[in-house]
Each structure stands twice: as C-alpha cells, then as structure tokens.
Amino acid sequence: MPESPALHRGVLLLAHGGPDSLDDIAPFLSNIRGGRPTPPELLHEVRERYRIIGGKSPLLEISRRQAQALERFLNAGGRAYRVYLGMRNWKPFIRETMQEIQRDGIMQLFCFCLAPQNSAKSVGLYLQHVREAERQLGWEIPTACLESWHDEPLLIEAFAERLREALAAFPGAPEDPPAILFTAHSLPERVLAEGDPYDREVRHTAAAVARRCGISEYRFAYQSQGATAETWLGPSVESVLEDLSRAEKRRVLLCPIGFLADHVEILYDIDVAFQRYATERGILLRRTASLNDSPSLIRAMAALVQRHFEAPEAPAGQPKLS
C-alpha cells in the first residue's frame with residue numbers, strides 16, 4: 001500500500017518555556033536576557049514568585065499536553081502527523097527539537113507560536129531561533145511559519161467559551177454584572193513607533209471575544225511589564241483597577257486573551273499580585289480559566305494546521321506564511 005503523504009508532515013509548536021525548579025531560575029533568566037547578568041534583586045524577586053506558585057513553571061507540562069492533544073486530534077482520521085514542541089528560553093530548546101525533526105525524516109514542517117498575537121519582540125524572536133537553527137543544522141526541510149493567528153475564529157470561540165463560563169460562575173452576575181477587563185502581556189512602548197502589529201492585534205482579539213459574548217462595554221489593559229526603565233505599553237492593570245474603584249465599580253472579571261496557558265504571569269501576576277491589589281481596594285476580582293489543553297483550543301490549533309497542509313498554494317506574491 002502506498003504511504004500517505006501526510007506521514008511526513010510535521011508541526012512544530014513554539015513556546016516561551018519556564019524553569020523546572022528554583023535552581024533553574026538563574027540560567028532561565030540569563031536566556032531571556034541574552035546572557036546579560038541578572039541583578040541580584042531581580043533574581044530574588046523572580047525566584048520568590050516561582051516559589052509562591054509551587055517552585056517551578058507548569059508551562060512545559062501544559063505545552064506538552066497541548067502538543068499531544070493536537071497530534072491525537074490531527075491523526076483521528078487516519079492521517080499521520082507528528083507534533084513537536086520547542087522552547088525559546090528553556091528545555092527542550094528549539095534547536096534541539098529541530099534536530100529531532102531531522103532525525104525523524106519529516107518532509108514538510110509547519111510551525112507556529114503558542115502566542116497568537118504577533119510582535120517582533122515575541123513571535124519574531126521565536127522565528128529568529130527557527131531560522132538560526134536552520135542555518136546551523138543545514139536544514140533542507142521545507143518549513144513554513146505562521147506569524148499570527150489572533151483572529152482565528154475557533155480561538156475567539158475558545159476564549160469566549162471561557163468568558164461565558166466565568167460570567168455564569170461570577171457571584172450575583174445576573175443582577176450586577178462585573179466589569180470586563182481584557183489583558184495581554186505588555187511590551188516596550190517604542191514598538192508602536194516601529195510599526196509593530198502587537199497592540200492592534202491584542203485589541204482586535206479582545207474586541208472579537210467581546211462581540212462573540214454579546215458584550216458591548218469592556219476595558220483593556222496591559223500586564224506584566226518588564227523590569228526596565230523604558231516606558232511600557234499601557235494602561236496597566238493596576239491603573240484600570242484604580243479607575244474602577246474610584247467609579248464605585250467593585251466587581252471585575254479579568255480575561256487574559258494574550259495568554260493560552262497557566263504560567264507565572266497568570267498564577268502570580270493575576271492570582272497573587274492583582275488579587276491583592278484589588279482586595280485592598282474593595283474589589284471582587286475573578287479571572288477566566290486559561291485555555292491550557294482544552295478541546296476548544298486544540299480545535300483552533302488543528303484548524304491552522306489543516307488549513308496550511310490542505311489549502312491550495314497561495315497566489316504568487318501573496319504569501320500567508322513567512
């Protein structure tokens with residue numbers, strides 16, 4: 001029987017990575033900072049955050065579950081895809097995973113980030129690691145990389161599903177609906193002047209989720225600003241919570257549409273720091289559950305893969321992928 005062409009199709013999921021233990025935090029931060037020394041006070045602060053959330057990041061485990069669930073979904077109809085996971089800042093590193101892909105004899109590769117909104121400071125860095133690994137490994141496998149999937153309809157529905165669930169569980173919501181606050185990870189403000197699409201895309205995702213849920217009034221804020229002196233994108237979550245408190249709005253449902261999985265920016269920044277900030281101002285703060293490896297997210301990811309491998313070639317001069 002002739003071998004199905006799908007047998008040689010590979011999918012590479014690109015993720016941020018996170019430390020597996022408190023001892024990993026120093027080298028993990030060194031990777032993030034490009035080898036620059038980490039100030040002792042910053043190292044202590046980050047270490048304390050991870051200690052509070054359990055001593056490590058859950059991101060690798062969750063990302064692996066996402067990859068495994070996606071592979072099962074794609075192969076349910078008999079097609080044989082292989083789904084791989086490569087991390088930018090921790091093990092398994094992107095280059096290591098691409099070596100594995102070479103050894104496995106994959107003939108076509110499609111990769112995308114587990115971060116749906118595109119920025120040169122996030123997705124762009126992941127793709128730089130892919131291209132650098134290609135050069136180092138003498139890469140000959142045709143490889144396409146999707147830069148953005150912020151408006152994928154099934155992703156919007158996955159976030160909307162979580163928002164509807166959280167609204168249904170919010171105490172007294174039918175009589176007194178909470179203020180809706182969408183958030184995404186902040187970036188240096190200079191990206192706007194550089195024409196970066198990130199701010200536009202995260203706001204587009206938030207607006208699309210709100211529409212899907214029939215929500216006409218909501219707020220948007222940036223969270224998890226970096227530890228540098230430069231100006232970061234705002235408004236900050238803290239400033240929005242302050243504004244809501246002054247307006248006597250003391251019930252808030254936060255929906256982090258810039259993140260797909262539980263990690264320190266969810267489990268500490270939201271569940272600890274923002275929760276404490278809100279409580280001090282008499283605000284009842286809840287958040288939507290992360291997508292993690294939910295069936296809705298897996299369907300959204302599968303749609304990206306199937307669209308790439310099953311769609312006809314894009315017209316010349318109109319590439320959808322980089």
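The values are calculated or read from the model by the stated rules, or taken from the named source; none is laboratory data. Note that this is a predicted model, so its numbers are computed, not measured. Ideal geometry is used to build each Cβ from the backbone, glycine not excepted, and the neighbour counts take in all protein chains shown. Quick note on the areas: whole protein, heavy atoms, side chains included, nothing else; ligands and nucleic acids left out. Shrake-Rupley method; radii C 1.70, N 1.55, O 1.52, S 1.80 Å.
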Fill in: Between 0 and 90°, nearest 10: helix 94-103 axis offset from the chain longest Cα axis
30
Item to complete: Using a Gaussian network model of the chain whose springs link C-alpha atoms within less than 10 Å, name the residue from Glu265, Glu238, Glu217 with the highest mean-square fluctuation.
Response: Glu217
Item to complete: Would you work out the relative contact order for the stretch 1-98, in percent, from Cα pairs under 8 angstrom that are 6 or more residues apart?
Response: 45
Discussion item. I'd like the accessible area for His185, computed on protein heavy atoms only with a 1.4 Å probe and all protein chains in place. Round to 10 Å², please.
Written reply: 50
Worksheet, complete the sentence: Projected convex hull area of the stretch 17-97, Cα atoms, direction-averaged, in nm², equals 5.9
Fill in: CD proxy at 222 nm, helix term only [per DSSP H run n ≥ 4: -39500 (n - 2.57); per residue of the chain; nearest 500]
-12500 deg cm²/dmol
Worksheet item: Carbon and sulfur: what percent of the chain's accessible surface (1.4 Å probe)?
Response: 51
Item to complete: Could you give log10 I(q)/I(0) at q = 0.12, 0.17 Å⁻¹ for the stretch 6-155, computed by the Debye formula over C-alpha point scatterers of equal weight, without solvent?
Response: -0.56, -1.03
Fill in: Student exercise, the stretch 134-219 dipole from Lys, Arg, Asp, Glu Cβ charges, in Debye to nearest 20
160
Item to complete: Report relative contact order for the chain in percent, whole number only (criteria: Cα-Cα under 8 Å, sequence separation at least 6).
Response: 22
Worksheet item: Pick from Val237, Val191, Val83: which is most flexible by mean-square fluctuation in a GNM of the chain where alpha carbon atoms under 10 Å apart are linked?
Response: Val191
Practice prompt. Can you send over the solvent-accessible area of Glu61, 1.4 Å probe, protein chains only, in Å² to the nearest 10?
Written response: 110
Item to complete: Show Asp293, Asp23, Asp243 ordered by accessible area, largest first, where the area counts protein heavy atoms only and the probe is 1.4 Å.
Response: Asp23, Asp243, Asp293
Worksheet item: Pairing the Cα long axis of helix 237-246 with the longest principal axis of the chain, what angle in degrees results, from 0 to 90 and rounded to the nearest 10?
Response: 30
Discussion item. Heavy atoms only, 1.4 Å probe, whole protein assembly: order Ile53, Ile32 by accessible area, highest first.
Written reply: Ile32, Ile53
Worksheet item: Considering only protein heavy atoms, what per residue accessible area in square angstrom results for the stretch 132-219 with a 1.4 angstrom probe?
Response: 49
Worksheet entry | Pairwise Lys count, the chain - Cα closer than 26 Å, eight or more residues apart or different chains | 4
Worksheet, complete the sentence: Mean-square fluctuation maximum in Gaussian network of the chain, Cα pairs under 10 Å, restricted to Ala229, Ala303, Ala278, hits Ala229
Worksheet item: With axes computed from alpha carbons, what is the tilt in degrees of helix 295-310 against the longest principal axis of the chain, rounded to the nearest 10 within 0 to 90?
Response: 40
Worksheet item: Using a 1.4 angstrom probe with every protein chain in place, what is the largest-first accessible-area order of Met301, Met107?
Response: Met107, Met301
